[in-house]
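Notes follow the structure.
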Amino acid sequence: MSEDLDLLIQNKETELEPLLLRMDELRSLFVDQVVTLAAKWFEDTAQFYVLKRSEVTLNMGKERLSEMKTKVKMLVKNSGKIVKDALSNPKFWWHKEPHKGASLFQYEQMEKKFPELLDKPIRQALGHLGVILEEFGYGVTVVSTHSKPCPEYWFIYPEGPDDAPSPYFPHLLNWSEEMQRTMRRYNELYKQALRLFIEIHKLKEEKERRKAIELWNST
């Protein structure tokens, strides 16, 4: 009987493996798509604030404005590292550390509401622009206390009580169509993989129970 269970487990694990591999391919594609979004977003959003708060821009002077522009360009250049660091935690990607207690809906998209599990670190990556906007007086702050009144607060409190707030973009953010498509596909595979993983776990539990009763009966 245990041989039958071993075969079932082996078959299920064989079925699961290509799903996990494909999910990792989709993870890599998604991260690249976020990098593309972030690079353009940094440029567009910086320009948006330059126009939106034109009085700050005009009072800055050409030299100071050039310094800001250089920092924004450097941010765009580093967008790959920033995004990859933000999305590197294995807990964001179920296939990296499969577990049976995960929510079936953690990668769901509902109209313009995107999965918080990934939307949050993406916003933290984009929040790096807030550091520059704060430095050059555009009315945002990326810390929890500030000596001057600010209309916008670009920070989030981390889970650890002793950790300092981190930069975070708090406003409306739309994922690109490419990102949405990739995540829909990842979600489809995730649901299949989670179901298989739970089935494998149950089979392994049954195998242990049978071993226990066989030991009991043989004693």
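Derivation of every value follows stated rules applied to the coordinates shown; laboratory data play no part. Everything quoted here is computed from the prediction, not taken from an experiment. Methodologically, a virtual Cβ is constructed for each residue, glycine included, from the backbone with ideal geometry; neighbour enumeration extends over all protein chains shown.
Some points to look at:
- Where helices (runs of 4 or more DSSP H) fall entirely within the range 43-87, those with at least 2 residues that are under 19 Å from Val31 (Cα atoms) are at 62-77, 79-86.
- Only one of the listed residues (Phe48, Phe114, Phe42) is over 29 Å from Lys191 (Cα atoms), buried (at least 20 other Cβ atoms within 10 Å of the Cβ) and out of contact with any strand residue (DSSP E or B) (no Cβ under 7 Å at 6 or more places or on another chain). That residue is Phe42.
- Identity of the residue in the range 100-111, over 14 Å from the mean Cα position of the chain (by Cα) and surrounded by 10 or more Cβ atoms within 10 Å (Cβ to Cβ), that ends up farthest from Ser166 (Cα to Cα): Lys100
- Any hit, the range 92-106, residues being among the hydroxyl-bearing types (Ser, Thr, Tyr), in a loop (DSSP other than H, G, I, E, B) and in contact with a Leu (Cβ under 7 Å, 6 or more places away or on another chain): no
Results for (1) of a type in the set (Val, Ile, Thr); (2) in contact (Cβ under 8 Å) with a residue 60 or more places away in the chain, shown as yes or no for each residue.
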site	(1), (2)
Leu104	no, yes
Tyr107	no, yes
Met110	no, no
Gln124	no, no
Gly127	no, no
Val131	yes, no
